[in-house]
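Here's the structure we're looking at; comments come further down.
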Amino acid sequence: MAIDRSGEFWRGEDFTDLADYLREFKPGGYPVARIREMVCARCAGRSFDVLVDDEEGCAEVSCAACGARAFVADSADYWEDAEPGDCACPCGGEVFHVAVGFALYEDGEVRWISVGLRCVQDGTMGVYADWRINYSPTDHLLDGAT
């Protein structure tokens with residue numbers, strides 16, 4: 001399915017649509033080179049409640065099926081100073097499919113991370129948090145995103 005751009009918010013039906021949305025978003029103005037779908041390590045669930053702090057640059061997901069929690073990329077490093085808020089869709093939905101986009105430097109190190117969400121209730125998509133990475137090496141970020 002193609003992304004529905006006809007309304008105020010873009011809508012999609014699956015992970016492919018959300019990945020395409022993240023590519024068009026271009027966090028920090030940089031093209032997204034890699035995208036990972038969040039999948040629960042405990043039960044393989046793909047629907048999550050999501051907390052983000054866009055100021056600190058961090059996000060945590062909680063599996064809607066089993067309640068297992070996981071940080072996105074390097075979020076655990078910043079969580080103590082964060083003031084996270086619950087993500088909610090304009091429709092009121094609070095359960096999402098999650099994709100993590102990575103913009104990379106020419107040498108393959110991560111430059112920017114973006115957290116894209118697709119509402120399970122109505123398919124509305126948005127980027128709820130994104131942050132710059134200013135250290136290296138960053139291989140662990142790509143490995144720990146899902």
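Here, each number is a calculation from the coordinates, and none is a lab measurement. None of these values were measured; they are calculated from a predicted model. Glycine also receives a Cβ, built like all others from the backbone with ideal geometry; neighbour counts cover every protein chain displayed.
Can you give the charge dipole size of segment 7-58 about its Cα centre, rounded to the nearest 20 debye, using +1 on the beta carbon of Lys and Arg and -1 on the beta carbon of Asp and Glu?
Values: 7 positive and 12 negative charges, 72 e Å.
So the magnitude is around 340 debye.
Reported to two decimal places, what Rg/Rh ratio describes segment 99-146 when computed on Cα atoms with Rh from the Kirkwood expression? It would help to have the intermediate numbers written out before the result.
On the way: Rg = 12.4 Å, Rh = 11.7 Å.
Taking Rh as the inverse mean 1/r over Cα pairs, Rg/Rh reads 1.06.
When 109, 60, 83, 13 are sorted by how many other C-beta atoms sit within 10 angstrom of their C-beta, beginning with the fewest, the order is 83, 13, 109, 60.
Arrange the peptides 69-78, 3-12, 126-135, 23-32 so that the one whose residues have, on average, the most other Cβ atoms within 10 Å appears first.
On the way: 69-78: 18.9, 3-12: 14.0, 126-135: 17.4, 23-32: 15.5.
Ranking, from highest mean packing down: 69-78, 126-135, 23-32, 3-12.
Taking the square roots of 5 times each eigenvalue of the Cα gyration tensor of segment 59-129, largest first, gives ellipsoid semi-axes of 23, 16, 11 Å. Whole-Hz Karplus values for segment 97-108 come out as 8, 10, 10, 10, x, 10, 8, 10, 6, 4, 7, x Hz, taken residue by residue from phi with 6.51 cos²θ - 1.76 cosθ + 1.60 and θ = phi - 60°; glycine and proline positions read x. Compared with the alpha-carbon gap, the fully stretched path from residue 6 to residue 107 is longer by 32.6 nm at 0.36 nm per residue.
Considering helices alone, the calculated mean residue ellipticity of the chain at 222 nm is -3000 deg cm²/dmol, with DSSP H runs of length four and up weighted by -39500 (n - 2.57) and normalised per residue. Placing +1 on the Cβ of every Lys and Arg and -1 on the Cβ of every Asp and Glu, with nothing else charged, gives segment 15-143 a dipole about its Cα centre of roughly 560 debye. Taking the three principal axes of the alpha carbon atoms in segment 13-93, the coordinate ranges are 31, 30, 27 Å, sorted in descending order. Given their separation in residues at 0.36 nm each and the Cα-Cα distance between them, residue 134 and residue 23 gain 37.9 nm when the chain is fully extended.
Using only alpha carbon positions, build the gyration tensor of the chain, then give the equivalent ellipsoid semi-axes as the square roots of 5 times its eigenvalues, largest first, whole angstrom.
Working: eigenvalues 96, 68, 38 Å².
Here the semi-axes work out to 22, 18, 14 Å.
A simple count of charges around residue 67, restricted to other residues whose Cβ falls under 13 Å of its Cβ and scoring Lys, Arg +1 and Asp, Glu -1, yields 0. Look at the dipole of segment 81-146 built from charges on Cβ: of 93, 82, 131, the Cα furthest out on the positive end belongs to 93. For the chain, the relative contact order is 27 percent, taking Cα pairs closer than 8 Å that sit 6 or more residues apart in sequence and dividing their mean separation by the residue count.
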